[in-house]
Amino acid sequence: MKVIVLGSSHGGYDAVSQILSDAPDTEIQWYEKGDFISFLSCGMQLYLEGVVKHVNDVSYAKPDQMHKAGVDVFVKQEISAIDPANHSVHVLNHNDGTERDEHYDKLIISPGANPASLGVKGEDLQNIYKMRGRDWAIKLKEKTVDPNVKNVAVIGSGYIGIEAAEVFAKAGMHVSIIEFNERLLGAYLDKEFTDTLTKVMKDHNVDFYGNQGVSEYRSEDGKVTTAVTSKGNEIPADLVVEAAGIRPNTEWLNGVVDLDDHGFIKNNEYMQTSEQDIYAIGDATLVPFAPTGEKSVIALATNARREGRTAAMNALGQEHKMVPVSGSSALSVFDYKFASTGIKEGTASRFDVKTQSTTVTDTFRPAFVPDEAGNAKVLFKLTYNPETHEILGGQVMSKQDATQNMNTISLAIQAHMKVEDLAYADFFFQPGFDRPWNIMNVVAQQALKDLK
């Protein structure tokens, strides 16, 4: 059997790896239209800050490694069209300008998403960058040491925007974040968390401009100098990093497979599209959201990798369903580390479900552990259904790393656990690591009181 895999990031990599594991004799062709396979944009901050020294190390695999494993890797070769009726794809070879058709038995596509274009005046000026992909990573790295860059404007305050802001603040530059929504990180955390983080950013020379977008970029000699907001703020900017969301890269698939109104590829729980031998994975698809059972937009590496494995197993005839996910994610903002999963108060209006939340603050370890050992405060918020008591989401933040708690909350959501189940769930205790009652026990026990 011949399987063609389009796209070499998280989902494509896992699809190829799964096929190699389960059916190593399969003929695999792996296509990447760029010049480098499996670059991981989620690792870009580590590279820009110098934690990872070489840009080529921010990847899962190298072509020679995959060739040795039996995979035909095609770099700078773009699948530009798909003919489902004839089970073929049209390939543009950007290395030599030739074109050809390739036959497939199964096709797994991970077309990904492109950074959203804001469509504002001046967006074509010099020094307006994106923060996605290897090429942009190399350009951004140069700017972190550019003596001409003193002011940086970041458009958007999701994870990518926050990472960009922290990178350039640590590089000694003044950063301004412009965000259409009221709060930074509003899709991931509720107000009691973001209020603290906004202050932390301010303390590190990062200003936040909420409830406004960019209306215009101004320039001198073709280079951006100012970002003008919809509220009339004129923000100095020697560099602009646009991180205002993504759009599925699917226009070229219109009429090939079914798309929804927003351009996302429709697929079933086996990752099959409207064409049963074509499987779709990654940021161009929706994923099943565990708290509601409905499909949702959650562009995370973890989801793409699950989809990749699921698609590969089904392409090999194993009938494996995609596991519902809760959008679990984590990030650090200077000294603080936070994580969240599932539904928050700030996102509850998007879903047809009743919510109630309980918030507690406690110490990371028992109070007798001295501060110099890292006994920081932990802020924890649990969201649940007040009628059924089912757990729907959680958020945690501390200067210590309490983020792994969200993995447990995610599992609780997937298993439809109730507050009562979590209140007295068994977690280990050792003073060097934890408290006698884990913070999840504490918040669930308080939630039971709030429910009375």
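The values are calculated or read from the model by the stated rules, or taken from the named source; none is laboratory data. The structure displayed is predicted, hence computed values, not measured ones. Neighbour counts are summed over all protein chains in view; Cβ atoms, including those assigned to glycine, are modelled from backbone coordinates with ideal geometry. These area figures cover heavy atoms from the full protein model, side chains too; ligands, DNA and RNA do not enter into them. Shrake-Rupley method; radii C 1.70, N 1.55, O 1.52, S 1.80 Å.
Please list, ordered by first then second residue, the pairs with beta carbon atoms under 6 Å, 6 or more apart or interchain, first in the stretch 296-307 and within 14 Å of Y188 (Cβ to Cβ), second among the acidic types (D, E) and open to solvent by 30 Å² or more (accessible area, probe 1.4 Å).
A299/D283
From the list H87, H54, which residue is open to solvent by 40 Å² or more (accessible area, probe 1.4 Å) and closer than 23 Å to A311 by Cβ? Full working, then the answer.
Details: H54 fails: closer than 23 Å to A311 by Cβ.
Matching residue, one of H87, H54: H87.
Considering each of D362, D401 in turn, give the residue that is assigned to a strand (DSSP E or B), in contact with a strand residue (DSSP E or B) (Cβ under 6 Å, 6 or more places away or on another chain), at negative phi and charged (D, E, K, R). Walk me through how you get there before you give the answer.
Values: D401 fails: assigned to a strand (DSSP E or B).
Going through D362, D401 in turn, the sole match is D362.
Within the stretch 21-39, work out how many residues are farther than 20 Å from T285 by Cα and open to solvent by 40 Å² or more (accessible area, probe 1.4 Å).
Final tally of qualifying residues: 6.
Please determine, by comparing only the residues of the stretch 220-245 that are buried (at least 24 other Cβ atoms within 10 Å of the Cβ) and not in a strand (DSSP E or B), which one is modelled with the lowest pLDDT. Talk me through it step by step, then tell me what you get.
Let us first name the residues in the stretch 220-245 that are buried (at least 24 other Cβ atoms within 10 Å of the Cβ), namely 227, 237, 239-243.
Filter once more, so that each one left must be not in a strand (DSSP E or B): 237, 243.
Values: A237: 98, A243: 94.
Among those that are buried (at least 24 other Cβ atoms within 10 Å of the Cβ) and not in a strand (DSSP E or B), it is A243.
For the stretch 381-398, which residues satisfy the criterion of being of a type in the set (S, T, N, Q), outside any strand (DSSP E or B) and surrounded by 17 or more Cβ atoms within 10 Å (Cβ to Cβ)? Break it down into steps so the answer makes sense when it comes.
Residues of the stretch 381-398 of a type in the set (S, T, N, Q): 383, 385, 388, 395, 398.
Now restrict to residues that are outside any strand (DSSP E or B): 385, 388.
Of everything in the stretch 381-398, just one residue is of a type in the set (S, T, N, Q), outside any strand (DSSP E or B) and surrounded by 17 or more Cβ atoms within 10 Å (Cβ to Cβ), namely N385.
Do you know which of the residues in the stretch 18-62 that are free of Cβ contacts under 8 Å to residues at least 24 places away in the same chain and of a type in the set (G, A, S) is farthest from K139 (Cα to Cα)?
Going through the qualifying residues, I end up with S21.
Can you find, within the stretch 365-380, the residue that is modelled with the highest pLDDT among those that are open to solvent by less than 20 Å² (accessible area, probe 1.4 Å) and in a strand (DSSP E or B)?
F380
Looking at the stretch 322-340, which of its residues are outside any strand (DSSP E or B) and under 21 Å from V206 (Cβ atoms)?
Residues of the stretch 322-340 that are outside any strand (DSSP E or B), as a first pass: 322-324, 326-328, 334-335.
Those that are outside any strand (DSSP E or B) and under 21 Å from V206 (Cβ atoms): F334, D335.
Name every residue in the stretch 103-147 that is buried (at least 18 other Cβ atoms within 10 Å of the Cβ) and in a strand (DSSP E or B), in order of residue number.
Once the filter is applied, which keeps residues that are buried (at least 18 other Cβ atoms within 10 Å of the Cβ) and in a strand (DSSP E or B), the stretch 103-147 yields K106, L107, I108, I109, A113, P115, I128, Y129, K130.
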